[in-house]
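Here's the structure, in structure tokens; my notes come after.
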Amino acid sequence: MRRVYLDHSATTPVDPRVVEALLPFLTAKFGNPSSVHFYGQEARAAVDRARREVAGLVGARPNEIVFTSGGTEANNLAVRGHCEQAADQGRHVITTAIEHSSVRGICEALERRDWEVTRLPVYGDGVVRVEDVRAALRPDTVLVTVMLANNEVGTVQPVAEIAALVRELREAGQKHLRLHTDAVQAAAGMRVDVDELGCDLLSLSAHKLYAPKGVGALYVRRGVRLAPQNIGGHQERERRGGTESVPLIVAFGEAARLTRVELEERTRRIRSLRERFETGVESRVADIVYNGDRARRLPGVSNISFRFIEGEGLLINLDMQGVAVSTGSACSSGSLEPSPVIRALGRDDELARGSIRFSLGKDTTEEEIDYVLEVLPRAVENLRRLSPLYQKAVGSRQYALRSGS
Ligand SMILES: Cc1ncc(COP(=O)(O)O)c(C=O)c1O
């Protein structure tokens, strides 16, 4: 059966060039970077090289990069690490209604420990308003955490403008106030530069960049102190104990290098394929609604609600024809609750349940898009034929046509 993978926001296939870079570190180059001998130094040099590449991807200095086990751990280290360390200065955090479940979960855990959390709305376009951030900031706010690009709808948030507000307050004396941004999705689809953004902390994950799962990084601006969350070793300049996963870090370094070099070309191709996809869907399927601002979003994401049907049903139907997509975020699928992100856009239950995320990648082809355009309309039609909601709507439309209303 033909297979088309349109779920790159969940994870990406590992680039063969990345595999090639990592393989020697699973065999001959097995040293522990903390060892003094040749094997250790060989591993240390490889980790340092990877650190330079990851730093280069986001315009940071190498010693501002802390390797972690992925985006979730980077988010934990950023939010918990900063909040624990700044608790004496204030116990208020500002976040948004559409953060990834890792940030959402940490904020809930903070609330259970008597922190106050303000969750900003995102309105119909899926974008936070800078004015809302300004209004939410208080003298006891120690952290603002706003993702750079959303994992379900791909909308890009005004992080640089928010950073300007944070800087203003810091300069006025609120020294412990920091800005964290989760750039796990953004890094694959847009230029990310920590100085242009003006953030203090920024999370990355390798498996969204064509490297394996289980490795990520937190950018920590020089001078920002964090309470380590992994205690027990001197690694990562005391910020994250534990022997480094050298093969995964090397893979991440190579993936970061390739992303930096190829980003422009990748995003240009992906954007034009998405246009082909969306134009095709619009001309073949009625009663669809796009979720999130269509201009201010990552180039590879298209999140569409199909009226009158359940996204889960459509996902399964497409999967049977070899097309992989997702409903909600991968980590929350399996739950029948409508996606909190789509709900935060103000969608009703029906539209929230009928939403599907198509996410394209660097190796997606025109033929693959055309195949999806062939099977998707049929799948939607079959499901709608079985949907009582649809039958009712069609009936009342025909009635309206006949009665001329
Ligand atoms: C926006 C965002 N943040 C964080 C994560 C978690 O990253 P990881 O899977 O590396 O833990 C994800 C993964 O889906 C994500 O999309």
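Relative contact order (percent) for the stretch 16-259, with alpha-carbon contacts under 8 angstrom and 6 or more residues of separation?
Dividing the mean separation by the residue count of the stretch 16-259 yields 29 percent.
Rounded to the nearest 20 Debye, what is the dipole magnitude of the stretch 34-128 about its Cα centre when Lys and Arg each give +1 and Asp and Glu each give -1 at the C-beta?
220 debye
Can you give the charge dipole size of the stretch 2-53 about its Cα centre, rounded to the nearest 20 debye, using +1 on the beta carbon of Lys and Arg and -1 on the beta carbon of Asp and Glu?
60 debye
Looking only at the stretch 141-172, which residues have a backbone nitrogen under 18 Å from a spot 7 Å from the Cα of V289 in the C-beta direction?
152-155
Let me check the size of the stretch 41-114 from its C-alpha atoms; what are the radius of gyration and Dmax in Å?
Calculated on Cα positions, Rg and Dmax stand at 15.5, 47 Å.
Can you give me the Cα centroid spacing of the stretch 128-167 and the stretch 64-121 in angstrom?
13 Å
Using Cα pairs under 8 angstrom and six or more residues apart, how large is the relative contact order of the stretch 1-62, in percent?
15 percent
Which order do the peptides 50-56, 256-262 take when ranked by the mean count of other beta-carbon atoms within 10 Å per residue, highest first?
So the peptides 50-56, 256-262, ranked by packing, come out 50-56, 256-262.
Under a crude label model (7 Å from the Cα following the beta-carbon direction), how far is N32 from R112 in nanometres?
The two pseudo-label positions are separated by 3.4 nm.
Cα axis of helix 311-320 to longest principal axis of the chain: angle in degrees, 0 to 90, nearest 10?
Orientation of helix 311-320: about 90 degrees from the principal axis.
With +1 assigned to the C-beta of every Lys and Arg and -1 to the C-beta of every Asp and Glu, and no other charges, what is the dipole magnitude of the stretch 16-259 about the Cα centre in debye, to the nearest 20?
My answer is approximately 500 debye.
Would you calculate the convex hull of the Cα atoms in the chain and tell me its volume per residue in Å³?
Cα convex hull per residue, to the nearest whole number: 149 Å³.
With point charges of +1 on the Cβ of Lys and Arg and -1 on the Cβ of Asp and Glu, referenced to the Cα centre of the chain, which listed residue (G241, A87, G223) lies farthest in the positive direction of the dipole?
With unit charges placed on the Cβ atoms, the residue in question is G223.
Checking the cross-link filter: which aspartates and glutamates have an alpha carbon closer than 15 Å to that of K175, excluding same-chain neighbours under 8 positions apart?
The qualifying aspartates and glutamates are D88, D140, D200.
Could you tell me which residue out of L204, L22, T141 lies farthest along the dipole of the stretch 16-259 toward its positive end? Charges go on the beta carbon: Lys and Arg +1, Asp and Glu -1, centred on the Cα centre.
After comparing all options, I get L22.
Give, as ranges by residue number, the residues of the stretch 194-233 whose backbone N falls under 16 Å from the point 7 Å along Cα→Cβ of E20.
211
What angle do you read, to the nearest 10 degrees and between 0 and 90, between the alpha-carbon axis of helix 366-385 and the longest principal axis of the chain?
So the inclination is approximately 50 degrees.
Helix 388-403 sits at what angle to the longest principal axis of the chain, using alpha carbons and giving 0 to 90 degrees rounded to 10?
Taking Cα atoms only, the helix is inclined about 50 degrees.
Can you compute the label reach from L389? Point 7 Å from Cα along the Cβ direction, backbone N cut-off under 19 Å, restricted to the stretch 104-126.
none
What's the ranking of 354-363, 267-276 by average number of surrounding C-beta atoms within 10 Å, highest first?
354-363, 267-276
What Kirkwood hydrodynamic radius, in Å, does the stretch 1-124 give when the mean of 1/r is taken over all pairs of distinct Cα atoms and then inverted?
It is 18.2 Å.
For the chain, set up a Gaussian network in which alpha carbons nearer than 10 Å are linked by springs, and say which option among F306, F30, F252 fluctuates the most.
Answer for the Gaussian network model of the chain: F30.
Using just the Cα positions, wrap the stretch 357-405 in a convex hull and report its mean projected area in square nanometres, one decimal place.
Result: a mean projected hull area of 5.1 nm².
With label points built 7 Å along Cα→Cβ from the Cα atoms of T279 and R2, find their separation and express it in nm.
2.0 nm
Given a Förster distance of 51 Å, report the FRET efficiency between D193 and R397 from their Cβ-Cβ distance, rounded to the nearest 0.05.
Using R0 = 51 Å, I get an efficiency of 0.55.
Taken together, the values in this text are just the output of simple stated rules run on the coordinates, not laboratory data. Small disclaimer: the values here were computed from a predicted structure and weren't measured. Please note: Cβ atoms are built from the backbone with ideal geometry, for glycine as well, and neighbour counts cover all protein chains shown.
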